[in-house]
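Chemist: After the structure tokens below, expect a handful of questions from me.
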Amino acid sequence: MVKMKYLLIGMLIVIIGIVAIFNFIPSEEKKVKKRFHFLSEWVSKSPDENAFNMLQKNKKIGTLFDEPCELKVPSHSLSGSYKRDEIMSYAMSARSHVSQLDLKFYDFNIVFPEKEIAKVTLTARLLGKSAVGEQVDETRELECVLKKIGKKWLFSAIEVVEVLKK
Amino acid sequence: MEPTYHDGGMNFCWRLPYFFSEPKRHDVVAVRFAGSKVMLLKRVVALEDEQVEFKDGKLYVDGKGMDEPYVHFPCDWNLPSRRVEKDCVYVIGDNRSMSIESHHFGQTSKSRMMGVPLW
């Protein structure tokens, strides 16, 4: 009877351990999603953001990208390899043209075609106000490639998919 | 899609129609991006293999001026003629009060048609 009791307690501990491992040790998919969470947080801008916060966020944005990173945005004639500094200055310039910005991601589809490479398809929505008070509301489908370098997943390619082709 | 559908309004997407039939001209359709959480509401104006163009704000399909009673805000858009590719349709919103550059419209794959608004 006592042996049975210890056996049940042991089994319970093992089950709790397995559940804990699955919940608290993030999977690669969760780690990839986390990078998008950071991108969303650091690209977004509140109306009361000061110059110091703006610079800090801009620096953090740079840490998310591989060097170089391939960007392809057909509607803005943007295509090619960009260094981290170039991406940071592009982000800085874009964020300075808006007073408020909210970037959100939806419909993640994450696959790992090779070890340490993640391919992510998702919908990105930008909502906000321009510096002159105009409404900003842009939705695009993105295809992103992230590479695991060291322990971090870094954006190595971002392409805007042309859902509607004029 | 003003004035047919208002910004911030609520609707449901009825997904059955395009399981059994092809999109037709003047249908209002929900076009998906990467998934079904964010969709665009647009109107089909031209079908596969048709030529579509704008001349001084008037829509022409295969050279014929289209009657569009659902457009309440006139525009002055000009768009050179282009052929709609295989398995695609050409969609535009009803609200054309903005510049052609600011309006999100064009050719899209039929596989992106999720359905029609329920009302």
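Chemist: Could you list, in sequence order, the residues of region B:55-78 that are within 14 Å of chain A (Cβ to nearest Cβ) and either modelled with pLDDT under 95 or buried (at least 16 other Cβ atoms within 10 Å of the Cβ) (or both)?
Modeler: B:Leu59, B:Trp77, listed by residue number.
Chemist: Follow-up. Tally up the residues in region A:65-91 that are more than 21 Å from A:Thr139 (Cβ to Cβ) and either out of contact with any strand residue (DSSP E or B) (no Cβ under 6 Å at 6 or more places or on another chain) or surrounded by fewer than 15 Cβ atoms within 10 Å (Cβ to Cβ) (or both), please.
Modeler: 8
Chemist: Same structure, new question: Which of the strands (runs of 3 or more DSSP E) contained wholly in region A:56-166 include at least 1 residues that are within 14 Å of chain B (Cβ to nearest Cβ) and of a type in the set (A, V, I, L, M, F, W, C)?
Modeler: Because the criterion is at least 1 residues that are within 14 Å of chain B (Cβ to nearest Cβ) and of a type in the set (A, V, I, L, M, F, W, C), the strands (runs of 3 or more DSSP E) in region A:56-166 that meet it are A:98-114, A:117-130, A:135-149, A:152-161.
Chemist: Return a yes/no flag: does region A:111-119 have any residue that is touching a residue at least 60 places away in the same chain (Cβ under 8 Å), of a type in the set (A, V, I, L, M) and surrounded by 15 or more Cβ atoms within 10 Å (Cβ to Cβ).
Modeler: Yes; the residues of region A:111-119 include at least one that is touching a residue at least 60 places away in the same chain (Cβ under 8 Å), of a type in the set (A, V, I, L, M) and surrounded by 15 or more Cβ atoms within 10 Å (Cβ to Cβ).
Chemist: I'm checking my understanding of the structure. Among residues of region B:85-119 that are aliphatic (A, V, I, L, M) and more than 14 Å from B:Arg43 (Cβ to Cβ), which one is surrounded by the fewest Cβ atoms within 10 Å (Cβ to Cβ)?
Modeler: First pass over region B:85-119, keeping only residues aliphatic (A, V, I, L, M): B:89, B:91-92, B:98, B:100, B:113-114, B:116, B:118.
In the following step, the residues that additionally are more than 14 Å from B:Arg43 (Cβ to Cβ) were identified as B:98, B:100, B:114, B:118.
On the way: B:Met98: 13, B:Ile100: 15, B:Met114: 17, B:Leu118: 8.
Here the residue is B:Leu118.
Chemist: Let me ask another. Filter region A:90-138 down to residues that are among the acidic types (Asp, Glu) and either closer than 21 Å to A:Ser75 by Cα or in contact with a helix residue (DSSP H, G or I) (Cβ under 6 Å, 6 or more places away or on another chain) (or both), then give me how many there are.
Modeler: 4
Chemist: Name the single residue, out of those in region A:1-50 being out of contact with any strand residue (DSSP E or B) (no Cβ under 9 Å at 6 or more places or on another chain) and under 21 Å from A:Asn109 (Cβ atoms), that is surrounded by the fewest Cβ atoms within 10 Å (Cβ to Cβ).
Modeler: Within region A:1-50, the match that is surrounded by the fewest Cβ atoms within 10 Å (Cβ to Cβ) is A:Ser27.
Chemist: I'd like the residue in region B:6-38 that is in a strand (DSSP E or B) and facing chain A (nearest Cβ under 9 Å) and, out of all such residues, is nearest to the chain's Cα centre (by Cα).
Modeler: If we take residues in region B:6-38 being in a strand (DSSP E or B) and facing chain A (nearest Cβ under 9 Å), then B:Val31 is nearest to the chain's Cα centre (by Cα).
Chemist: Here is a follow-up. Assuming A:Glu159 fulfils every condition listed in (1) among the charged types (D, E, K, R); (2) out of contact with any Cys (no Cβ under 9 Å at 6 or more places or on another chain); (3) modelled with pLDDT of 95 or more apart from one, which condition is it?
Modeler: The failed condition is (2).
The values are calculated or read from the model by the stated rules, or taken from the named source; none is laboratory data. It should be emphasised that the depicted structure is a prediction, and the values quoted were computed from it without experimental measurement. Note: ideal-geometry Cβ built from the backbone for every residue, glycine included; neighbour counts use all protein chains shown.
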